[in-house]
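Have a look at the structure below, then the notes.
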Amino acid sequence: EIGASEIFGLVGPDGAGKTTLLQIMAAILDPSEGRCTTLGADTVREASQVTSHIGYMAQGFTLYGQLRVAENLEFAAQARDVSAETFRGRRDRLLAMAGLTPFLDRREENLSGGMRKKLALCANLIHRPPLLLLDEPGLGVDPVSRRDLWTILEEFRREGTTVVFSTSYI
């Protein structure tokens, strides 16, 4: 059981099942045994309730390389039914926190690894999910960007977001 506004880490070597557990929590995979409840919803029977209320950031880069930073965020907001008015305020705050404001017109594929991870995090936070699931968020990220990621996560934790992340190192 993971409490609200908590940052919880799953630590283990490659192949230990961290990604599988996160995908079960995100209602992407069904458990082979037992059951999982995320935000009070059964991840098998109420998967749509789970997926509509979480942010899930996979290990790899999952944004659209041909889209610009601003377009990726706008797409994420539209997919999550964030109103245009709400989107503008959230976008500006997230981009400032991530240090991405000067790069609004840059294509995602032309960003550094750290910038791409921060953009992916912003895309997953644009709808203010109560639960954020992050699979190896520090993988392939430079130390400065890693620190920026954790600063953003801590800020959202203080505001009530629960964060569960996996890592193979501490």
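Annotations for the structure displayed:
- Every condition in (1) part of a helix (DSSP H, G or I); (2) touching a residue at least 60 places away in the same chain (Cβ under 8 Å); (3) of a type outside the set (D, E); (4) open to solvent by less than 10 Å² (accessible area, probe 1.4 Å) holds for F156 except the one numbered (2).
- Hey, T167 open to solvent by less than 60 Å² (accessible area, probe 1.4 Å), closer than 23 Å to Q49 by Cα and among the hydroxyl-bearing types (S, T, Y) or not: no
- For region 90-119, the set of residues classified as farther than 21 Å from V141 by Cβ and surrounded by 20 or more Cβ atoms within 10 Å (Cβ to Cβ) consists of R91 only.
- Residues within region 135-146 that are under 20 Å from V69 (Cα atoms) and either open to solvent by 30 Å² or more (accessible area, probe 1.4 Å) or in a strand (DSSP E or B) (or both), tallied: 4
The values are calculated or read from the model by the stated rules, or taken from the named source; none is laboratory data. For clarity, every value in this text was computed on a predicted model and none was experimentally measured. With ideal geometry, Cβ positions are generated from the backbone for all residues, glycine too; neighbour counts draw on all protein chains shown. Please note that ligands, DNA and RNA were not included when accessible areas were found on the heavy atoms of the full protein model with its side chains. Shrake-Rupley method; radii C 1.70, N 1.55, O 1.52, S 1.80 Å.
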